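Just below is one structure, and these are the notes that go with it.
The values are calculated or read from the model by the stated rules, or taken from the named source; none is laboratory data. As the structure is a prediction and not an experimental result, all values here were calculated from the model. Cβ placement follows ideal geometry from the backbone for every residue including glycine, while neighbour counts extend to all protein chains displayed. The area values use the complete protein model at the heavy-atom level, side chains included, leaving out ligands, DNA and RNA. Shrake-Rupley method; radii C 1.70, N 1.55, O 1.52, S 1.80 Å.
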Amino acid sequence: METLAHRPDLVVSGGTLLTMVDGAAPLEKATIRIRSGLIIGIDTTPEGQTADADALDHIDATGCIVMPGLVNAHTHAAMTLFRGYADDLPLQQWLFERIFPAEAAFLSDDTVYWGALLGCLEMIASGTTCFADGYFFQDATARAVRKAGLRAVIAQGVIDFPAPGVPDPADNIREACAFMKRWQGASDRITPGLFCHSPLTCSAATLKAGAEAAERYGTPFQIHLSETRSEVDQILQQTAKRPVFYLDDLGVLNDRMTAAHAVHLDRDEMGLIKERGVRLVNVPESNMKLASGVAPVTGLLRLGIPMGLGTDGCCSNNNLDMFQEMDTAAKVSKVFSADPVALTARDALRMATSLGAAVLGLEGRIGTIEAGKAADLIVVDLQKPHLRPVYNPYSALVYAASGGDVRDTIVEGRILMRNRSFLTLDANEIMRKVSAVAQRITAAAAGPNQTSAPPAATQET
Ligand SMILES: [Zn+2]
């Protein structure tokens, strides 16, 4: 029997446990004990399964997979507001004629809050327990994350154009620093950060100031990097250097950097990324939708470069389902390399869990299920026609499951979704609020002034 001092708050038992610890095999009928938000023990003995009668709460995971919560390492949660607003367009037209004007006209502290809450709701529903976010009005995103009970790295956007909430670009670094100061230490689950939009939309001085601020606050420095061929060509034209070498010469290429996309890299750039300890995020569905290309994922992983997985924002995906993203990541890598054994199901799952945690600098707390780590985990229901039989749990999760198969979502020992019911958020209220914003956007697009909104240069791809 557990003594009172060690009595678990929550026990999850009976499932197939994927710890995602390197080299570890799945554990059948595992019992996970959780106390004060931490995993305090894992047991696979028959005695272990019956010793927790005095736990405060119990989840029976029989017939399910128990695994670490998924880490979405690059997104813009509040862009759920614009889901389906602009599709099937060339990137420049999509961005300058649709997304920028809509963001300029409709983003506010209030709309970002409700958009971010919708993103949180969708992530809880599809098994994501931690995400990295770069956007504007990030106090609103942080409040949404706090309310939802999720974990996140939330970075204030920095761009050298008038932006939502930051009308004068001269204030962009100052605003980001003020945001980081407000949220540093405010919540165990929130890491504030800074997001320099890209090497094209931020000047050399801004990039340097951003990297210095990230260093000062000890936070990840997010950026979009080498997303399109034209971006690489423009930087080559302006600086006579490829983007990775340009950033290195500025002194900003280091292990604080989390770079999303990383599609157009040559061999020397890959070597320098490895040398400098830069962390990368693969966002395959966004890259496919905007026809940006395919990141050389297997080559980067082979070099030992930490590479997580992200959905990007809902305007270029158009959902936040990391199960779908894992499936796409694996399949597109196979097509790209003409090698069916490239990026296995387990590799994809690693990118979405332990590697994603490492990319965000959170590998000491999350990403695997081990005693001493935070109890951020999900239960996936396998009792579904499309998931039977199960010869290989990694294959079932990556190639057959979807976010809708997640039954329970737990962050820091707190159950956020149980049997598909949300326990921290009012789904109807959130969807009603976002629908009201969408009606305003639709009405404005149909009105006579639809082209008059001033563009704010905020590429959120
Ligand atoms: Zn992005």
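Quick notes on this one:
- Take every DSSP beta bridge whose two residues both sit in the chain; close to 40 percent of them are antiparallel.
- Around K384: net Lys/Arg minus Asp/Glu count, Cβ-Cβ under 11 Å: 0
- For G41, the residues 5 or more places off, or on other chains, whose built amide H falls under 5 Å of its own are R33.
- Amide H contacts for T128 (H built 1.01 Å from N in the peptide plane; partners 5 or more residues away or on another chain; cut-off under 5 Å): L70.
- At R0 = 25 Å, FRET efficiency that the Cβ-Cβ distance of N319 and R440 yields, to 0.05: 0.65
- Given charges at Cβ of Lys, Arg, Asp, Glu: the chain dipole, positive-most of T258, T368, T311: T368
- Charged neighbours of R418, selected by a Cβ distance under 10 Å, balance to 0 (K, R count +1; D, E count -1).
- The orientation-averaged projected area of the convex hull spanned by the Cα atoms of the chain comes to 21.4 nm².
- Rounded accessible area per residue of the chain, 1.4 Å, Å²: 38 Å²
- Loop-located trypsin sites (Lys or Arg not before Pro) in region 117-199 (DSSP state other than H, G, I, E, B) with a sparse environment of at most 16 neighbouring Cβ atoms within 10 Å are absent.
- Restraint check, K147/K433; K334/K384; K29/K147; K208/K274, Cα-Cα greater than 22 Å: K334/K384; K29/K147
- Sulfur and carbon atoms: percent of accessible area, the chain [1.4 Å]: 52 percent
- Length added when fully stretched, S337-E370, from 0.36 nm per residue minus Cα-Cα: 8.5 nm
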